[in-house]
Amino acid sequence: MVQRGLSKVFYSETCNRQSFIESIFDIFKKPVLKATKIFVKPNIVSYETYPTTTHAEVLDTVLGQLKGHEIVVGDAPAIDAGRSDKILHKSPLRKVCEDHNVKLVNLYSGKMKAVKGPRGYSIRVSALPLACDYVISLPVLKVHHNVGLSGALKNQFGYLSRRDRLFMHCRVKSLRKGIVEVNAAIPTDLFIVDAVETMIRAQECRHGGCSASLGVMIAGTDPVSIDLFGLQLLTDLEPNYGEKNRKALEYVEYASSIGLGSKTFETEKI
């Protein structure tokens, strides 16, 4: 969701995911109640579980708060992680969806829509979230070995087609612009970011990442502000922070420059 003026980042120094999420839904209950069809975007990268992937308690609590709405949950794993259908089938999040009678959708299998932004950057994205009137993103705050940070903005990378993702990782297309343009194509209304545990050095164990404790939950509507706040939290944890921070700011600042969020924000502890 595009911000105007000073943004607000909500956070809590807690390991109690459920309590934090319930508080966030109290804050945002009016826009949620107005929504008819809601898309929920977890972070399912590979076979690896939390903190590579969204924690089951986060998705369970969010779906519990959305009772009475038409809900769709969907993601598409990394293109080099293996068979996407099998990854989703084995994901702990599939059981959570089944418990709430909600389908976990493989976005690779659905309809894609071609989008060309005003800056001339063309992508193909999942049509499913575009058919919903409210979008909730559930990233895990992680260091990323290629782009510095995986957080609010990077989580929407899962909307892209296999072809686009391959071209971006092979540098045929700009990865930095791709992360930002997919957020412009499919706006997110609410971000709930899990930083109780994080990944440092890289976003997955298979890429050299390892878990570390932060003990923080974050939420808000501005992905730029949230990611800048997340970078601050990682300062003392990430051994190569300077380089990761530089890489992350390349796309976070670009997102700010095209109006996707603000670099000026206030925080509210809840």
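Restricting attention to region 221-239, which residues are in a loop (DSSP other than H, G, I, E, B) and either loosely packed, with under 13 Cβ neighbours inside 10 Å or in contact with an Asp or Glu (Cβ under 6 Å, 6 or more places away or on another chain) (or both)?
Those that are in a loop (DSSP other than H, G, I, E, B) and either loosely packed, with under 13 Cβ neighbours inside 10 Å or in contact with an Asp or Glu (Cβ under 6 Å, 6 or more places away or on another chain) (or both): 235, 236, 239.
Here is a list: 172, 193, 143. Which entry is hydrophobic (A, V, I, L, M, F, W, C) and in contact (Cβ under 8 Å) with a residue 60 or more places away in the chain?
143
Here is a yes/no grid of residues against (1) surrounded by 20 or more Cβ atoms within 10 Å (Cβ to Cβ); (2) without any contact (Cβ under 8 Å) to a residue 40 or more places away in the chain; (3) not small (Gly, Ala, Ser):
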residue	(1), (2), (3)
67	no, yes, yes
74	yes, no, no
79	no, no, yes
112	no, no, yes
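Scan region 77-100 for residues that are closer than 23 Å to residue 191 by Cα and either among the basic types (Lys, Arg) or in a loop (DSSP other than H, G, I, E, B) (or both) and jot them down.
If the condition is that a residue be closer than 23 Å to residue 191 by Cα and either among the basic types (Lys, Arg) or in a loop (DSSP other than H, G, I, E, B) (or both), then 77, 78, 91, 94, 95, 100 are the ones that fit.
Could you pull out every one of the strands (runs of 3 or more DSSP E) wholly within region 7-76 that has 3 or more residues that are farther than 20 Å from residue 151 by Cβ?
70-75
Say we look at region 240-263 and pick out the residues that are out of contact with any strand residue (DSSP E or B) (no Cβ under 7 Å at 6 or more places or on another chain) and assigned to a loop (DSSP other than H, G, I, E, B); which of these is surrounded by the most Cβ atoms within 10 Å (Cβ to Cβ)?
In this case the residue turns out to be 260.
Please specify each residue of region 135-150 satisfying the condition of being under 17 Å from residue 76 (Cβ atoms) and part of a loop (DSSP other than H, G, I, E, B).
Answer for region 135-150, where residues must be under 17 Å from residue 76 (Cβ atoms) and part of a loop (DSSP other than H, G, I, E, B): just 139.
Can you confirm whether region 36-59 contains a residue that is closer than 30 Å to residue 170 by Cβ and small (Gly, Ala, Ser)?
For region 36-59, residues closer than 30 Å to residue 170 by Cβ and small (Gly, Ala, Ser): present.
Filter region 136-195 for residues that are among the hydroxyl-bearing types (Ser, Thr, Tyr), surrounded by 22 or more Cβ atoms within 10 Å (Cβ to Cβ) and under 23 Å from residue 243 (Cα atoms) and give the result.
Scanning region 136-195 gives a single hit, 150.
Within region 124-140, can one find any residue that is without any contact (Cβ under 8 Å) to a residue 24 or more places away in the chain, small (Gly, Ala, Ser) and farther than 20 Å from residue 217 by Cα?
Within region 124-140, one or more residues are without any contact (Cβ under 8 Å) to a residue 24 or more places away in the chain, small (Gly, Ala, Ser) and farther than 20 Å from residue 217 by Cα.
Kindly indicate whether residue 212 is surrounded by fewer than 22 Cβ atoms within 10 Å (Cβ to Cβ), among the aliphatic types (A, V, I, L, M) and assigned to a strand (DSSP E or B).
For residue 212, the condition - surrounded by fewer than 22 Cβ atoms within 10 Å (Cβ to Cβ), among the aliphatic types (A, V, I, L, M) and assigned to a strand (DSSP E or B) - is met.
In region 2-45, which residue that is under 15 Å from residue 136 (Cα atoms) and basic (Lys, Arg) is surrounded by the fewest Cβ atoms within 10 Å (Cβ to Cβ)?
For region 2-45, the residue satisfying everything is 30.
Read-outs: derived from the displayed coordinates by stated rules, not from any lab. Keep in mind it's a predicted model, so treat the numbers as computed, not measured. Positions of Cβ are backbone-derived with ideal geometry, glycine not excepted, and every protein chain shown enters the neighbour counts.
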